[in-house]
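The structure appears right after this line, and notes come after that.
The values are calculated or read from the model by the stated rules, or taken from the named source; none is laboratory data. A quick note: this is a predicted structure, and the numbers were derived from the prediction, not measured. Positions of Cβ are generated from backbone atoms using ideal geometry, with glycine treated the same way; all protein chains shown enter the neighbour counts.
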Amino acid sequence: MNAAALALLLLALAGALAIALALQIRQRNALRDWLIAPDLHPLPDGRGVWYEIFSRLRKTRKQEQLRRAELGNALERFRLAVQSLPEGVMLLDTQMHIEWLNDAACRQFALDAVRDPGTLAVQLIRQSEFRQLIDSYRARPVKQSTLLRAGSNGEERVLSVTLLPFAATGTLLVATDVTEQVRSELGQRDFIANVSHELRTPLTVITGFLEQFNGDDPPTGEMARRFHRLMAEQAERMNRLIADLLTLSSLESSGQPPRDEVIDVPALLETLRNEALALSAGRHAIDITDSSAGKLRGSADELRSAFGNLVFNAVRYTPAGGKITMAWRLIDGQPTFAVTDTGIGIPPEHIPRLTERFYRVDKGRSTAVGGTGLGLAIVKHVLVRHGGMLKIDSVPGKGSIFTVALPADRRA
Ligand code: ADP
């Protein structure tokens, strides 16, 4: 081969190489453009090995788009579901800025779903109860609730607002409109208070007449005496019931904190012991074993009623020959009142419900011993108002211990 033919061949080879290289560069550029903006630069069919690469990439992208669409659909369905909840829902970040809120929350708090995200919740919901809830939640991020009054469309509504931890660092706020429930509870409370008041007057008249027979003009004949005794007992029972109902309704409806009086608890225990001895009529040994926790701040009437109910219950539910002790001492810095009896005890399944109104383990026995079924409900309300707690330990057939722990800062 002469030199000219060789040069020609080399030239042809170089040409072919250049074409192949240009083709590779074009396909590589197409890939780069696609990676940058896949919607603007669709992948060509490609040649050789590129053909396979491009078709795989196209397939993967299609699957990816499909998955994204499905995810988007699912998210949208969730968003719509939360959006259509009757409860107000808000997502708050770690700093308690609003991240997102649904339509109900916008209505309840008069907020705007576009304008308000990014703002601190306490700047938009200005009620002091809400600020307290947020402060308390930030100190202890566990589920916590409060009642709030909020205006919507010129009408005041009552909202039960709950904060609870959500995902790793977020907080979920759920607000339920409880206006109707609160109204009906208030109505019921007013009704009970009114009925109790109304019953008082006729009962006073009946009791007055019954007492007349005790004095100058006692009933004659066995049957008349028996009827008179029964009527007097039942009138007395109704009096107690009405008194307890009025006490309970005034505790429940009082929006005020309890009176701040200094109560001489050791002296109160002496009085309660004497009253318990009178109720027991010599059937029990009743002692005060400790009075070392001293004086207390609170409402004297309310605490007298709460402690008294516990002591009188101990007398009522302890058979003759039993022993009752009262102790007033500091336990872990908290002033604590405990009444221990050797009475009939309470089966464990009843204990959680004892403070409900009219809940009795044995209705017949409660009535027989002069109970109203309201004593422990009164105790519970008094303790809630004073920040105290009631603990009940009991063994059926052996006896019970009712323990009241009050906050340390109530010591006077
Ligand atoms: P009651 O007027 O019926 O005593 P309370 O609310 O005071 O109502 O108490 C609720 C119920 O709890 C009582 O009916 C009784 O069954 C039970 N109970 C309360 N105290 C005692 C006690 N010391 N020993 C046993 N049972 C008790």
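So the values come out like this:
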| quantity | calculated |
| --- | --- |
| Matching residues in region 132-154 - criterion: being at pLDDT 90 or above and either part of a strand (DSSP E or B) or among the β-branched types (Val, Ile, Thr) (or both) | 134, 142, 144, 145, 146, 147, 148, 149 |
| Region 341-352, residues that are buried (at least 20 other Cβ atoms within 10 Å of the Cβ) and not in a loop (DSSP other than H, G, I, E, B) | 341 |
| Residue within region 234-249 that is modelled with pLDDT under 95, touching a helix residue (DSSP H, G or I) at 6+ places or on another chain (Cβ under 6 Å), over 21 Å from residue 368 (Cα atoms) and of a type in the set (Val, Ile, Thr) present | yes |
| Strands (runs of 3 or more DSSP E) (entirely within region 266-333) containing at least 2 residues that are surrounded by fewer than 20 Cβ atoms within 10 Å (Cβ to Cβ) | 285-290, 323-331 |
| Yes/no for residue 331 being hydrophobic (A, V, I, L, M, F, W, C) and more than 25 Å from residue 243 (Cα to Cα) | yes |
| Residue within region 386-409 that is touching a Leu at 6+ places or on another chain (Cβ under 9 Å), assigned by TED's automatic domain parsing to the domain that holds residue 307, closer than 16 Å to residue 252 by Cβ and touching a residue at least 12 places away in the same chain (Cβ under 8 Å) present | yes |
| Any hit, region 85-94, residues being in the same structural domain as residue 160 (by TED's automatic domain parsing), out of contact with any helix residue (DSSP H, G or I) (no Cβ under 7 Å at 6 or more places or on another chain) and of a type outside the set (D, E, K, R) | yes |
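Residue-wise test of (1) away from the ligand (no atom under 15 Å from the Cβ); (2) basic (Lys, Arg); (3) not in a strand (DSSP E or B).
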{"position": "364", "(1), (2), (3)": "no, no, yes"}
{"position": "372", "(1), (2), (3)": "no, no, yes"}
{"position": "376", "(1), (2), (3)": "no, no, yes"}
{"position": "380", "(1), (2), (3)": "no, yes, yes"}
{"position": "383", "(1), (2), (3)": "no, no, yes"}
{"position": "390", "(1), (2), (3)": "no, no, no"}
{"position": "397", "(1), (2), (3)": "no, no, yes"}
{"position": "400", "(1), (2), (3)": "no, no, no"}
{"position": "403", "(1), (2), (3)": "no, no, no"}
